[in-house]
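A short write-up of the structure that comes next.
Bear in mind these aren't lab numbers, they're just calculated from the coordinates by the rules spelled out. Just so it is clear, the model here is predicted, and its values are computed rather than measured. When we count neighbours, we look across all protein chains shown, and the Cβ atoms used for this are built from the backbone with ideal geometry, even at glycine.
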Amino acid sequence: METRIKRTTLATAVMLLFIPWLTGNAQDTYRSATTHVTINGTSTLHDWNMGSSSGQTTASFTIEGNQVKKINTLTFTVAAESLKSDKSALDKNAYKALDTDKHKNITFTMTSGTVTATGSNAFQVKATGRLTIAGVTRQTTIAATGQFNPSDKSVTFNGSTTFKMTVYDVKPPTVMMGTIKTGDEITVSYNGKLTAQ
């Protein structure tokens, strides 16, 4: 009888030790209803941009208290033809350069990532992974700033990354029979709100 009581007491003590860890270190999956994406570039005539509000982001974080401590997974996708500018000719040539008939989506899948706290509920993320554009995949690192919102347990984020289109075998689009040429380097900006699933 005494041995059984001791075992029960020991089991209870172990459970009590683990309860704070389990409740204070949650791994939650978050998904965005909409991720806004903007591509900014240059040309021989003027700067240009294309944007989409159809991006989808899914991420898994480890959260301790009200602070994001770790990013476990991150994926992003946007339909290439959801990107629009104010010039239909530029859009048409961009889709041709991206070969959207064969490659419908632009995607990113994280393979490793780090989180750095920057303030109350605020953090920075650096995510390295596979970015696929026009069917060509390259390893790249993207960065973003984030904010965990305890009231609704959501995560807001924004960031940008710059690279050359030719790294992904994409020929910079032209318009007006090639008289206007776009620059090779572009900056992709993104922002959105992730909610727990």
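Overview of values
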item	result
Lysines whose Cα lies under 23 Å from that of residue 171, excluding same-chain neighbours fewer than 8 positions away	84, 87, 92, 96, 102, 104, 181
When the convex hull of its Cα atoms is projected in every direction, mean area for segment 23-150 (nm²)	9.1
Cβ charges +1 (Lys, Arg) and -1 (Asp, Glu), total dipole of segment 76-178, debye	180
Mean Cα-pair separation over length for segment 26-196, i.e. relative contact order, pairs under 8 Å, 6 or more apart, %	25
Qualifying lysines (Cα of each under 28 Å from Cα of residue 153; at least 8 residues distant if same chain)	69, 70, 126, 193
Check: segment 151-197 dipole with +1 on Lys, Arg Cβ and -1 on Asp, Glu Cβ, in debye	60
Leading residue at positive end of dipole, segment 44-197 (Cβ point charges), from 189, 122, 63	63
